[in-house]
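Data first, discussion second: the structure below is written as structure tokens.
Taken together, the values in this text are just the output of simple stated rules run on the coordinates, not laboratory data. Predicted model only: the values in this text are computed from it and were never measured. For neighbour counting, all protein chains shown are included, and Cβ atoms are generated from backbone atoms with ideal geometry for every residue, glycine included.
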2 protein chains.
Amino acid sequence: MDHNIPDPSVRRLSAYLRQLERLAGEGTRHVSSRQLAGYIKAGDAQVRRDLALFGQFGRRGVGYEVDDLINVLRTILGTRQRQWPVVVVGAGEICHALLTYRGFRQRGFDVVAAFDIDPKKIGRTIGGVDVLPMEDCAPVIQRLEVRLAILAVPADAADETARRLCECGIEGILNFATTGLEVPEGVFVSEADITSHLEQLSFRLTSHRP
Amino acid sequence: MDHNIPDPSVRRLSAYLRQLERLAGEGTRHVSSRQLAGYIKAGDAQVRRDLALFGQFGRRGVGYEVDDLINVLRTILGTRQRQWPVVVVGAGEICHALLTYRGFRQRGFDVVAAFDIDPKKIGRTIGGVDVLPMEDCAPVIQRLEVRLAILAVPADAADETARRLCECGIEGILNFATTGLEVPEGVFVSEADITSHLEQLSFRLTSHRP
DNA sequence: GCGTGTGAAGATATTCACAGCC
DNA sequence: GGCTGTGAATATCTTCACACGC
């Protein structure tokens, strides 16, 4: 399987999967690229191209079988064969929201531990997940073979914490901090700063209308 | 000011602003496109191009004045002249995290109210913000001239709630639900589904290494 | 008829490379 | 020497349009 997949395509693959899961829940068995495109802001050719990057999954004249395509997309995204253990660092409000959200598991992610440096937070259990002292992060990550971390610490601690996570072998970081992170080669970062999202919107509402 | 600004550029403008705010806090007065690019995964020419979309803000041989550029970027992003009132819909855990996060205000956003349909949640005050019944959303949005909403309801309620918000005059939605939304022409949606972010990462860690 | 898969064309975004100014 | 701003070149992404199979 090739490696030069554009970022926008990967984002859309996620979006297709979300729609397909919904369709499957409604009992729909077949779907066309045009339908799928309708849910996303995209054209039907775009949908077919995105899928064609990985193989041929449809039938001409018919479309795609919903359940099949779900499995294909999960395989592509890496959430079919394995359940990904994930750690959350920083036991604040975002962490709380993440640990009580029950939707991750069925999508292939499993929050196995949270870490903090605040003794008042350490020892608590939130949503069935223990909040552990930051010192434990290396052994836990290694023992459970955790490769993904969610970073939810204050901005001024983000970079240092990220460095530490990378040392423990973390390869992917979902970053809720407002700071951009400096990470070693081979570590992927996905930015989830909420303020930036709001700024995208405020930009679009500011004198840039079509 | 033109309107055909690429989405990736707008995302980077946010990122530059975050870095500049940090630099300003550290007392740094000048910055070059190369430095700025170093924080982001981008080249120096990219930084200059992004800024050149809106004007000329640097001095040759010198670089950019940090405070000036902060003001420029805030103006571009629309967060300099005005404080944006924002409503949160769905008073769950994410809402709780949003209402207790104190960083929005200094970045130009002000959460003015939260809404829910659950009587047990209505009437509470979280982080100084009242949780109001969903029926009040239209009058509040109109009275406070709210144009931005954060959608934090369960997936199955997302589309219907979004429709309702658009009817109230909301023009930008930050969507935490896993569903893609169908919104009228002229309404902007920014997707913040956390599972999708995790899927981006798990994809990159799955057999697609360089 | 319908809908996929895909070369070829087109549109967009990024990088190069250098003139011009500090 | 350093660094911006920007045409020109390149790379990347998206759309068109049609052959092929259902």
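Observations
- Counting from the shortest, the label point at A:G27, 7 Å from Cα toward Cβ, is 7.0 nm from the same position in each remaining copy.
- Antiparallel bridge percentage (DSSP; both residues within region A:84-196; nearest 5): 10
- Take each peptide in A:61-68, B:17-24, count the other Cβ atoms within 10 Å of every residue, and average; sorted highest first, the result is B:17-24, A:61-68.
- A simple spin-label model places the labels of B:T75 and B:F54 0.9 nm from each other, with each point 7 Å out along Cα-to-Cβ.
- Shielding of peptide A:185-195 by partners, expressed as the average count of other chain Cβ atoms within 10 Å per residue Cβ, is 6.
- Where chain B is rotated onto chain A, the residue of B whose Cβ comes nearest the axis, and that gap in whole Å, is B:A97, 2.
- What separates the B:P154 label point from its copies, with the point 7 Å along Cα to Cβ, is 3.6 nm, written shortest first.
- Of the beta bridges in the protein assembly as shown, as assigned by DSSP with both residues counted there, near 20 percent are antiparallel.
- Rg and Dmax over the alpha-carbon atoms of region B:92-178 stand at 12.2, 33 Å.
- Alpha-carbon radius of gyration plus Dmax, which is the widest Cα pair, for region B:7-77 in Å: 10.7, 30
- Two-site FRET efficiency, B:Q35 against B:S9, from Cβ-Cβ distance with R₀ of 25 Å, rounded to 0.05: 0.85
- DSSP bridge pairs, chain A: antiparallel proportion in percent, nearest 5: 20
- More than 23 angstrom apart: percent of Cα pairs within chain B: 55
- Where only DSSP H runs of four or more residues are counted, chain B gives -12500 deg cm²/dmol as its mean residue ellipticity at 222 nm, each run worth -39500 (n - 2.57).
- Each Lys or Arg adds one and each Asp or Glu takes one away; over the other residues whose Cβ falls under 15 Å from the Cβ of A:G123, this sums to -2.
- Relative to the other identical copies, A:G123 shows label-point distances of 3.5 nm, where the label point lies 7 Å from Cα along the Cβ direction and values run shortest first.
- Principal axis dimensions, the protein assembly as shown - Cα atoms, whole angstrom, descending: 58, 52, 46
- Protection-proxy order for peptides B:45-58, A:164-177, each taking the mean of Cβ atoms within 10 Å per residue, highest first: A:164-177, B:45-58
- The aspartates and glutamates within cross-link reach of A:K41, meaning a Cα-to-Cα straight distance under 19 Å and a gap of 8 or more places when in the same chain, are A:D7, A:E21, A:D50, B:D7, B:D159, B:E160, B:E171, B:E182, B:E185, B:E191, B:D193.
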